[in-house]
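Bear in mind that the values in this text are calculations on the coordinates, not laboratory data. As the structure is a prediction and not an experimental result, all values here were calculated from the model. Methodologically, a virtual Cβ is constructed for each residue, glycine included, from the backbone with ideal geometry; neighbour enumeration extends over all protein chains shown.
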Amino acid sequence: MEIRTVDIADVYGLDAPTPVKCFLHKADGEIGPYNKNLPAIIVVPGGGYHFVSEREGDPIAADFFNRHYNAFVLQYGVAPDYKYPTSLNQLAATVDYLKRNAKKLGIDKRRIFVVGFSAGGHLTASLANFCDNLPVPVMKGKKLDARPTGIILGYPVITPDSHQGSFKNLLGIEDVHCPEAEALSLEKTVTALNPPCFVWTTAEDNSVDPMATVLYASALIKNKVKCECHIFPDGWHGASTCDERTNHADGVKVFRRVKCWMDLAADFLQSLPSLKSVK
């Protein structure tokens, strides 16, 4: 494994540091021939748009690395220093960067996926909804190709009322019942062009309302977007890998059944066709 971090802020003229931590399979030597043109996954941790969770970063990347992906963890800008659309610009630029540098990174630019958790799920779903209509579609003369092949959402924030704190931090506001927040209530802006989506949560989540998952999945189904949705009966918010790497002993016990989300999501991504055309 090669681990390195690249900051793409200067490449795209972004207004916040944008370090992307890369977990890359060895591309030379005896094992090199088995590590060509791999699928890629960008990990977008949660944190309520006021921090970026370590628990939902490297451990998730490691799991996908072990499933023969090259994995990338995005450290995006959060409150109080940054607000919308900084983080969306950063994620869109990261997807574009991977596509432009696919050969160097050993990845298939037609199979770039994004997995996001909690507020990072909101950011990931924002990319899915707006990848063809970005707030900043051109950066430093580069027209962004930010469309992922598919996305995974874990216990995502979707609506202002599903987690008001995330929207307050994202927009720098106190009252989330405003036009700016409603415009980012993502169940309202799904279209038939959305990329396929795997989404999961738990019915006992009392931090981010699990009905947000229901609303978003319903919008995908209504628009005939390929999706898979799981609502596990037990467990609280922030399960991440559902094992001892990211949970105390009581969590490991509760999340014993939930941890299958990773296998289910990986199977879902494997079932998706590659993007037909990439700029």
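For this structure, a couple of remarks:
- The ranking of M139, M1 from fewest to most other beta carbons within 10 Å of each one's beta carbon is M1, M139.
- Peptides 189-195, 164-170 ordered by average Cβ neighbours within 10 Å, highest first: 164-170, 189-195
- Backbone amide hydrogens, once placed in the peptide plane, bring C227 within less than 5 Å of C197, excluding anything fewer than 5 places away on its chain.
- Listed candidates [x] 20.4; [y] 18.6; [z] 21.4 - label of the one calculated as Kirkwood radius over Cα pairs in Å: [y]
- In a simple Cβ point-charge model (Lys, Arg +1; Asp, Glu -1; nothing else charged), region 211-268 has a dipole of about 220 debye relative to its Cα centre.
- Only Lys, Arg, Asp and Glu carry charge here, each on its Cβ (+1 for the first two, -1 for the last two); on that basis the chain has a dipole of about 1320 debye about its Cα centre.
- A simple rule links phi to the HN-Hα coupling: the Karplus curve 6.51 cos²θ - 1.76 cosθ + 1.60 with θ = phi - 60°, which for region 184-196 gives 10, 7, 6, 5, 8, 10, 5, 10, 5, 8, 4, x, x Hz, with x for Gly and Pro.
- With a threshold of 28 Å on the Cα-Cα distance, the over-threshold entries among K26/K143; K104/K140; K142/K224; K99/K253; K226/K276 are K26/K143; K142/K224; K99/K253.
- Helix-only mean residue ellipticity at 222 nm for the chain, each DSSP H run of n ≥ 4 adding -39500 (n - 2.57), per residue, nearest 500: -8500 deg cm²/dmol
- Packing here is the average count of other Cβ atoms within 10 Å per residue, and on that basis the peptides 210-216, 246-252, highest first, run 210-216, 246-252.
- Exposure proxy ranking for K104, K26, based on other Cβ atoms within 10 angstrom of each Cβ and starting from the fewest, stands as K104, K26.
- Relative packing of peptides 108-121, 52-65 - highest average C-beta neighbours within 10 Å first: 108-121, 52-65
- Each residue of region 147-158 was assigned a 3J(HN,Hα) from its phi angle through the Karplus expression (A = 6.51, B = -1.76, C = 1.60, θ = phi - 60°), giving 7, x, 6, x, 9, 10, 10, x, 5, x, 6, 10 Hz with x at Gly and Pro.
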